[in-house]
Amino acid sequence: MTWRHIYRNVNQASKYAKLVQISNTKESCTIQYMPKRPSHFISTEDAFGRQDSQQEIPKPVVYRTRHRGMEVIQDPFTNRGAAFSWDERERLGIRGLVPPKVQSFDVQAERVLSRVDALHDPLNKYDFLVSLLDRNETLFYRVLIDHFQKIAPIIYTPTVGLASQKSQVIFRRPRGMYFSKYDRGCMNTMVYNWPQEQVDVIVVTDGSRILGLGDLGANGIQIPIGKLALYVAGGGIDPRRVLPVVLDVGTNNETLRKDPWYLGIAEPRITGDEYFRFVDEFMEAVYSRWPQVMVQFEDFANPVAYPLLEMYRDKYLCFNDDIQSTGSIALASILASLRVRGLAVKDICKERIVCVGAGSAGLGVCETIIQCMETEGLRSHQAYRQFWLLDDKGLLGRGRVGLTPTQARFVRDDLQDGSSLEEVVRTVKPTILLGLSGAGGIFTETAIREMTKHVERPVIFPLSNPVDHAECTASQAIEWTGGRAIFASGSPFDDVEYQGRIYPINQCNNVYNFPGMGLAVTACRISHITEDMFQAAARRISSLSGEDKERLFPPLSELRNVSLQVATAVAEVAYEDGLATAEPPRKMTLHQYLLSHMWQPQYAPLVPL
């Protein structure tokens, strides 16, 4: 049963419902209530709003807005196309401004899907869906949540990479905020230009390392926009409380600098102390207005990614997605592969891991796995000896110069510096091959066939995005291992048919991780994000794959329930460590409490203020 109470004013509503939350801006006010009802009447739904006998979620009962007339239609938060009821049309002053037929939410969603199917070019599909997001956010998220496996690859990887490259061409209207190097000294006041009084999650990039595509400057704004859509769809974060940001410090992409349509600062990037002072001013400005906001760093180049994380991880509520989320989901993949191979979690200490890619993502993954090995009994120096890292010059060996402190911890003395992947595989006989290089096709047939000679079930994870930057394809891994590979990729691949058998292909996607992290942080008011939280998330994700022994993860169609599980695991760590300041009410479990904070895409009644 879904509880909805429609009231003309707040005073009348308060007679029957307990106020839970108010979100107020200059334009609108959302009032969310938990109905006052006897305990034996229980509204029960899961994270998708589906009926479930074990879970409860309060619903927003009214959305009050200061908009009237065309303002209602032009605001993507209040617009609902032809779905306005006759009462709403009358009281909001829009009678005659929308078609006379009242169209249902389901019919609207069906029409959107029909239009997506009619388009063939991925960028056209992306453009259409972003235009829907600009017009009607509720409908956009309804379609995304209900058809996640179909729509997510359009609004995020792999299509978002193409959208970032063409951002100056497809630009329609600004979304998010741009902080440029010419805004220095003004950021503390600039943040008040954002209309929302409360922001829970910020995703920020400087555009220096967009996926595997390199420096795209201000075009990188498409990545935070897409990432936050996944926070809303997967973690139930309120879309009015998210903010995409690009830090435009210039670009070293000569092609973009010469493009007259490019919308960013067409100058070389600022670097060194000047760069770090710029980011510092941004962080201080953001937290001066929104002290409890969670900031996710996204697609920062390796030379600045780790320093920024070390500067801010203990000072602010923040994390780096490429380092920490990627590490967590990669660890979850390895833990799930242990189950597939009939091994215990402690057997991770015996793995021999070759990682191609020694940038921020590769280092983050390896460091996360090492933390798990240490938990399972290895000493730090023993754990590092289980890894062989390669960059574009080959193996990180003794004598290599110019390494970061983190890279230096992985230097090997048992093989020559610069050894090729084939040489390393032949000598090491790895059980796991990780790809985080952004170099498409670098997992050669020779290397994988050599690996297969020594391992019954080779674990092969080409994790780079987008698809054409993957270290190998799913079909290559299956064919070259004779169907014995345990495979997961960063980009989506179709299941593979080989010798009359269908091999299910896993996607090792950060989206299993960060939406649940965001839900836990915002609902429980977690003050700092720790490595233990990412470890807990990885272990929980690895336990959710179900009965199918070849599947490492649940289907993405179940993402909201996965996020709820991840949020529960993260929150448990936060409460244990004393880092959560908001607790569930009495008689409500942690699971129910988190569920109650998940925003649902539905047309709550609109009432003018």
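Bear in mind these aren't lab numbers, they're just calculated from the coordinates by the rules spelled out. None of the values given here were measured: they were computed from a predicted structure. With ideal geometry, Cβ positions are generated from the backbone for all residues, glycine too; neighbour counts draw on all protein chains shown.
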* With a sphere of radius 14 Å drawn around the Cβ of Asn465, what net charge do the other residues whose Cβ falls strictly inside it have (Lys, Arg +1; Asp, Glu -1)? -> -4
* Structure fact -> Computed ³J(HN,Hα) along the range 387-399: with the Karplus parameters 6.51/-1.76/1.60, θ = phi - 60°, integer Hz and x for glycine or proline, the list is 10, 10, 9, 10, 10, 5, 9, x, 4, 6, x, 4, x
* Describe numerically, in nm with one decimal, the distance between label points set 7 Å from Cα along Cα→Cβ at Met588 and at Arg551. => 3.1 nm
* Compute from the Cα atoms of the range 345-495 the Rg and the Dmax, the latter being the longest Cα-Cα distance, and quote both in angstrom. => 14.5, 43
* Phi to ³J(HN,Hα) by Karplus 6.51 cos²θ - 1.76 cosθ + 1.60 over the range 62-76, Hz, x for Gly, Pro -> 7, 10, 9, 10, 7, 5, 9, x, 4, 4, 4, 6, 7, 8, x
* Non-local amide H neighbours of Ile486 (under 5 Å, H modeled in plane, Pro and chain starts lacking H): which ones? -> Val459, Ile460
* To do: Provide the three semi-axes, in whole Å and in decreasing order, of the ellipsoid equivalent to the range 462-609 as defined by the square roots of 5 times the Cα gyration tensor eigenvalues.
  => 36, 18, 14
* To do: Starting from the amide H of Gln198, placed 1.01 Å from N in the peptide plane, find each other amide H under 5 Å away whose residue is 5 or more places distant or on another chain.
  => none
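Taking K and R as +1 and D and E as -1, what net charge do the other residues with C-beta under 13 Å from the C-beta of Ser208 add up to? Spell out each step's value before the answer.
Working: positive: Arg209, Arg269; negative: Asp206, Asp215, Asp248, Glu298, Asp299, Asp322.
After counting each charged neighbour, the total is -4.
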* Helix 105-118 versus the longest principal axis of the chain: what angle, 0 to 90°, nearest 10, using Cα atoms? -> 40 degrees
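Can you check how the C-alpha radius of gyration of the range 85-172 compares to 2.2 N^0.38 Å, as a plain ratio?
Values: Rg = 15.2 Å, N = 88, 2.2 N^0.38 = 12.1 Å.
Ratio of Rg to 2.2 N^0.38 Å for the range 85-172: 1.26.
Give the percent of DSSP beta bridges with both residues in the chain that are antiparallel, rounded to the nearest 5.
On the way: 20 of 56 bridges.
So the antiparallel bridges in the chain amount to around 35 percent.
Would you work out the relative contact order for the chain, in percent, from Cα pairs under 8 angstrom that are 6 or more residues apart? Before the final figure, lay out the partial values.
Numbers: 1160 pairs, mean separation 89.2, N = 609.
The value is 15 percent.
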* Structure fact -> Residue-ordered couplings for the range 401-408, obtained by feeding phi - 60° into the Karplus form 6.51 cos²θ - 1.76 cosθ + 1.60 and rounding to whole Hz (Gly and Pro as x), are 10, x, 7, 6, x, 5, 4, 4
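Would you work out the charge dipole size for the chain about its Cα centre, treating the Cβ of every Lys and Arg as +1 and the Cβ of every Asp and Glu as -1, and quote it to the nearest 20 debye? It would help to have the intermediate numbers written out before the result.
Values: 67 positive and 70 negative charges, 376 e Å.
So the magnitude is around 1800 debye.
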* To do: Report the local net charge at Ile237: Lys and Arg +1, Asp and Glu -1, summed over other residues whose C-beta lies under 15 Å from its C-beta.
  => +1
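Dividing the Cα convex hull volume of the range 222-354 by residue count, how many Å³ per residue is that?
On the way: hull volume 24.7 nm³, N = 133.
For the range 222-354, the hull spanned by Cα atoms encloses 186 Å³ per residue.
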* **Rg/Rg_ref, the range 111-150, where Rg_ref = 2.2 N^0.38 Å and atoms are Cα** => 1.06
* Structure fact -> The pairs in Lys150/Lys227; Lys125/Lys549; Lys346/Lys549; Lys393/Lys429 lying past 24 Å Cα-Cα in this model are Lys125/Lys549
* **Structure-based [θ]222 nm, the chain - -39500 (n - 2.57) summed over DSSP H runs of at least 4, per residue, nearest 500** => -11500 deg cm²/dmol
* Structure fact -> Which residues qualify? For Cys318, with a placed amide H closer than 5 Å and at least 5 residues away or on another chain, they are Val295, Ile529
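How would you order 197-208, 310-321 from highest to lowest mean count of nearby Cβ atoms within 10 Å?
Values: 197-208: 24.4, 310-321: 18.6.
Order by mean packing, descending: 197-208, 310-321.
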* **Separation of alpha-carbon centers, the range 423-476 and the range 255-312, rounded to whole Å** => 33 Å
* For the range 64-86 and the range 87-139, what is the separation of their C-alpha centers, rounded to whole Å? -> 13 Å
* To do: Would you work out which of Gln407, Gln386, Leu434 lies farthest towards the positive end of the dipole of the range 386-468, given +1 charges on the beta-carbon of Lys and Arg and -1 on that of Asp and Glu, about the Cα centre?
  => Gln386
* **Cα-Cα separations in the range 78-131 greater than 12 Å, expressed as whole percent** => 68 percent
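Using every Cα-Cα pair within the chain, state what percent have a distance larger than 43 Å.
Every Cα pair in the chain considered, those over 43 Å come to 21 percent.
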* Please report, in cubic angstrom per residue, the volume enclosed by the convex hull of the alpha-carbon atoms of the range 233-297. => 134 Å³
* Structure fact -> Taking Cα atoms only, helix 514-524 is inclined relative to the longest principal axis of the chain by an angle, in degrees rounded to 10, of 50 degrees
* Would you be so kind as to identify which of Gly327, Asn302, Met283 lies farthest towards the positive end of the dipole of the range 263-348, taking Lys and Arg as +1 and Asp and Glu as -1 on Cβ and the Cα centre as origin? => Gly327
